[in-house]
Amino acid sequence: MDLDPARIERALQVIDPVFLNTPQYLDEQLCRALGGRAVTVKVETANPVRSFKGRGADLMLSTLAAGTAVVCASSGNFGQAVAYAGRTRGMRVEVFVPQTINPAKRERIETFGARVIVAGADGSAAREAAAAHVARHPDRVYLQDGLQPAIAEGAGTIAAELTRGGPNYDAVVLPVGDGALINGVGCWLKEHAPRTRIVGVNAAGAPSMRESLRAGRAVSIEQVRTFADGIAVRTPLEASVRRARTLVDEIVLVPDDAIARAMALAARTLGIFLEPAGAAGLAAIAEGAVPVDRLATVLTGANPRPEQLHQLATRLAAPGTGPAIDDPSGRAHSAMATEGEARL
């Protein structure tokens, strides 16, 4: 195991405080809607990049010298995180993105001062272009979410905060894309709360991590069909699968309509407009996929596509009769598929 709970603890002293000590609480209205179960939510959207990705990106960049040129591939949230941390730490950042990138995420990456390069129709093409760019420019450092241990260990600080003087959870339920989040959280919990189950959530249309854990190695699924682009991974990284085999107890699946309902539930009870991947853990709990009483889940991102935000508002205006929240262009069901790219 190349992840270390001691390094996770030290990371709490290194990561930019803007990403730390995020809200975590029981909301009575939400718990009532979830059948009276005690569900602690940890809100990782209240920071400058609106997702948990800032923790791992900032920790990883803290290991590099000021002035380092950094390259990554991303469909949005990881790119935002690297761009923000790079600007703070005096580093030049280049982010390779697919043509299908959420335009709001692209705008925020550029706002943080990174150079954005559109490369290919999907995340796999963007990642290949980024790797080729680094090969031509060896002075750059290539970051791949889910690969470098520091990225997962930065995400693991979430678990350190969840368990700080708090209740003992029967399970912690987490969306799974590249695997950095669940592996970092799992590393901490296996050491400090070994009785807590670590449950990952794949979209039913992108069950790549579940299938990989069953096979004991990284395997590709033939096609990704989900509007949750942050967890729309076709082939997980082998390093992530290797860690997850030790750290993850179970992967459950949730359909897109359940994720859409969870987005609406979070908006109604918590006042938070999540992106689809950010609501996947909550969806699994609401669907009864994790049948225990004391749970925690992480609301991992609040960068929905503009059309998803509009559809969510419509759904809230007419509960039970509003449209499903999807990508009306259809791109989310094809070009957004990636091979292990970190997009949660």
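The values are calculated or read from the model by the stated rules, or taken from the named source; none is laboratory data. Computed from a predicted model, the values in this text were never measured in an experiment. Cβ coordinates were reconstructed from backbone atoms using ideal geometry, including for glycine residues, and neighbour counts include every protein chain displayed. Keep in mind that these areas ignore ligands, DNA and RNA; they rest on the heavy atoms of the full protein, side chains included. Shrake-Rupley method; radii C 1.70, N 1.55, O 1.52, S 1.80 Å.
Brief remarks on what is shown
- All conditions but one from (1) open to solvent by 10 Å² or more (accessible area, probe 1.4 Å); (2) of a type outside the set (Lys, Arg); (3) within 14 Å of ARG106 (Cα to Cα) apply to SER74; the one that does not is (1).
- Of the residues ALA215, ALA258, the single one that is open to solvent by less than 10 Å² (accessible area, probe 1.4 Å) and among the small types (Gly, Ala, Ser) is ALA258.
- Among (1) open to solvent by less than 10 Å² (accessible area, probe 1.4 Å); (2) at pLDDT below 95 - the single one ALA104 does not satisfy: (1)
- Taking first residues from segment 21-34 that are touching a residue at least 12 places away in the same chain (Cβ under 8 Å) and partners that are loosely packed, with under 11 Cβ neighbours inside 10 Å and small (Gly, Ala, Ser), no Cβ contact under 7 Å between residues at least 6 apart in sequence or on separate chains turns up.
Here is a yes/no grid of residues against (1) open to solvent by 10 Å² or more (accessible area, probe 1.4 Å); (2) out of contact with any Phe, Trp or Tyr (no Cβ under 7 Å at 6 or more places or on another chain); (3) within 25 Å of ARG294 (Cβ to Cβ); (4) among the polar types (S, T, N, Q):
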| site | (1), (2), (3), (4) |
| --- | --- |
| LEU143 | no, yes, no, no |
| GLY165 | yes, yes, yes, no |
| ASP178 | no, yes, no, no |
| ILE182 | no, yes, yes, no |
| GLY200 | no, yes, yes, no |
| GLU211 | yes, yes, no, no |
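- Test: THR297 is buried (at least 18 other Cβ atoms within 10 Å of the Cβ), at pLDDT 95 or above and within 24 Å of GLU211 (Cα to Cα): yes
- Residue check for VAL43: closer than 16 Å to LEU299 by Cα and either of a type outside the set (Asp, Glu) or touching a helix residue (DSSP H, G or I) at 6+ places or on another chain (Cβ under 9 Å) (or both): yes
- If you filter segment 62-97 down to residues that are in a helix (DSSP H, G or I), touching a residue at least 60 places away in the same chain (Cβ under 8 Å) and touching a helix residue (DSSP H, G or I) at 6+ places or on another chain (Cβ under 6 Å), you find that the one that is farthest from ASP139 (Cα to Cα) is ASN77.
- Residue check for ILE15: surrounded by 15 or more Cβ atoms within 10 Å (Cβ to Cβ) and outside any helix (DSSP H, G or I): yes
- Output for segment 302-334, where each listed residue is β-branched (Val, Ile, Thr) and modelled with pLDDT under 80: THR321, ILE325
- Here is the figure for segment 4-35: residues that are farther than 12 Å from THR157 by Cβ and not acidic (Asp, Glu) total 13.
- Annotation note: of ILE221, ILE272, the sole residue that is of a type in the set (Val, Ile, Thr), open to solvent by 10 Å² or more (accessible area, probe 1.4 Å), farther than 17 Å from ALA180 by Cα and in contact with a Pro (Cβ under 9 Å, 6 or more places away or on another chain) is ILE221.
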